[in-house]
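Shown next, in structure tokens, is the structure this report addresses.
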Amino acid sequence: MYMAKVIGSVVSTQKDQSLVGKKLMIVRPIDSDQEPIRFEQVAADTVNAGIGDNVLVVRGAGARRADNGAGNNAPDVNDCTIVGIIDRFDK
Amino acid sequence: MYMAKVIGSVVSTQKDQSLVGKKLMIVRPIDSDQEPIRFEQVAADTVNAGIGDNVLVVRGAGARRADNGAGNNAPDVNDCTIVGIIDRFDK
Amino acid sequence: MYMAKVIGSVVSTQKDQSLVGKKLMIVRPIDSDQEPIRFEQVAADTVNAGIGDNVLVVRGAGARRADNGAGNNAPDVNDCTIVGIIDRFDK
Amino acid sequence: MYMAKVIGSVVSTQKDQSLVGKKLMIVRPIDSDQEPIRFEQVAADTVNAGIGDNVLVVRGAGARRADNGAGNNAPDVNDCTIVGIIDRFDK
Amino acid sequence: MYMAKVIGSVVSTQKDQSLVGKKLMIVRPIDSDQEPIRFEQVAADTVNAGIGDNVLVVRGAGARRADNGAGNNAPDVNDCTIVGIIDRFDK
């Protein structure tokens, strides 16, 4: 699981059926000082995250388990999902 | 899921049976400013992406679920698939 | 499996149901000289690790198997778990 | 899936039962200009690749599906397999 | 699968039940010239590797299949295992 800041979203009309109806957010990984640390990824949103929010992101099979917003039965191809909004870093 | 630009394709005659009939595109990961950010990968195409398109790429089990174009029953060995064409970055 | 130092935790109110009740620790990967080596991650804690502890962290499916503290039946989305406290590096 | 050049092989007598009888090739990842781009890996060969060949390499579960040459029933531990020989880069 | 040199081990008393009885070795990834190439990891040993040995390491589900030394039935959380000792690099 990594920390990231939501910086935008992507619009994609032509895409896999399982991604229809999902919000695909652009996230920039950060450390706990909120400094950017790696490359941007695209993550499906399941917690109504907004631009500027610090969030928790999971990958792989966990990302598919979290990702239940599509409203269709196509096999889920997603591999990256926002699963929490970070309120605070305690250090 | 990551963002990438399609820059070409690979031709491979001698390959795993499950890859026969698939378009294997060379993709260069990009960030949302369309700057290249990491190393090239090869991804199976499921959305008729063309050279120069910005696309969404998934890896692992999700890549196999997206990847249904082979027309044969060999166990799918693919681990990287283009699942969407990016129309626009909203930031 | 990698070595890391626990440096804090994240507080997240709005999160996936399967993460409720879990301690989400900020870990900084280290080498066996205890030097930081990569970027911070967030890992669920299953061994009562405290800040400053050197720990062992697993990812992926192994992280979900280790992670049984939620007390609810939501599908587990976690992909990173602390599975041991390091007493000593033998070199 | 990534592109790589085969640069050698490893000889290992003491190894997991499922690896007996497999050719374990040393591969150096390359980009589509055939420049080396990351660190060497070891991949099981399923397509009779030779030293100097440019190849396609998959990882994870896909690598195990491709990897059927062992002739024994030990659970397959492999996570990296050569699945194609690259004839040409089209750009 | 990657190449690595065994440089030590970790001692951990408080750990996941499935890790009890396993040797947890510190490995430093190397290339085929035996130069260190990435960060240290911790891998369960299944081939009686000693300090200074060059070894083959697998990750993920393959690591759990290789890893049968625990003598208990706890779900295996391990994600990194030594599966072979390298006798020689042929280049």
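No value in this document is a laboratory result; all are computed from the given coordinates. Everything numeric in this text was worked out from a predicted model, so none of it was measured. Every residue, glycine as well, gets a Cβ built from its backbone with ideal geometry; the counts of neighbours run over all protein chains shown.
Remarks
- Between copies, the label points at D:ASP33 (set 7 angstrom from Cα along Cα-to-Cβ) are spaced 2.1, 2.1, 3.4, 3.4 nm, reported in nanometres from shortest to longest.
- Interchain or long-range residues, amide H under 5 Å from D:THR46's placed H: D:ILE82
- Under 13 Å, Cβ to Cβ, from D:LYS23 - net charge with Lys/Arg +1 and Asp/Glu -1: -2
- Student exercise, chain B dipole from Lys, Arg, Asp, Glu Cβ charges, in Debye to nearest 20: 160
- Distance violations [Cα-Cα > 18 Å] among A:LYS15/B:LYS5; C:LYS5/E:LYS15; B:LYS23/D:LYS91; D:LYS15/E:LYS5; C:LYS91/E:LYS15; B:LYS23/D:LYS22: C:LYS91/E:LYS15; B:LYS23/D:LYS22
- Take every Cα pair under 8 Å whose residues are at least 6 apart in sequence, average their separation, divide by the length of the stretch A:2-85, and the relative contact order is 34 percent.
- For the peptides A:74-83, A:52-61, E:11-20, residues were scored by their other Cβ atoms within 10 Å and the scores averaged per peptide; the highest-first order is A:74-83, A:52-61, E:11-20.
- Dipole of the stretch A:1-89 [Lys/Arg +1, Asp/Glu -1 at C-beta], most positive-end residue of A:VAL10, A:THR81, A:VAL20: A:VAL20
- Average beta carbon contacts from partner chains per residue of D:38-50, 10 Å cutoff: 4
- Scattering curve values for the protein assembly as shown, log₁₀ I(q)/I(0), Debye with Cα scatterers, q = 0.10 Å⁻¹: -0.71
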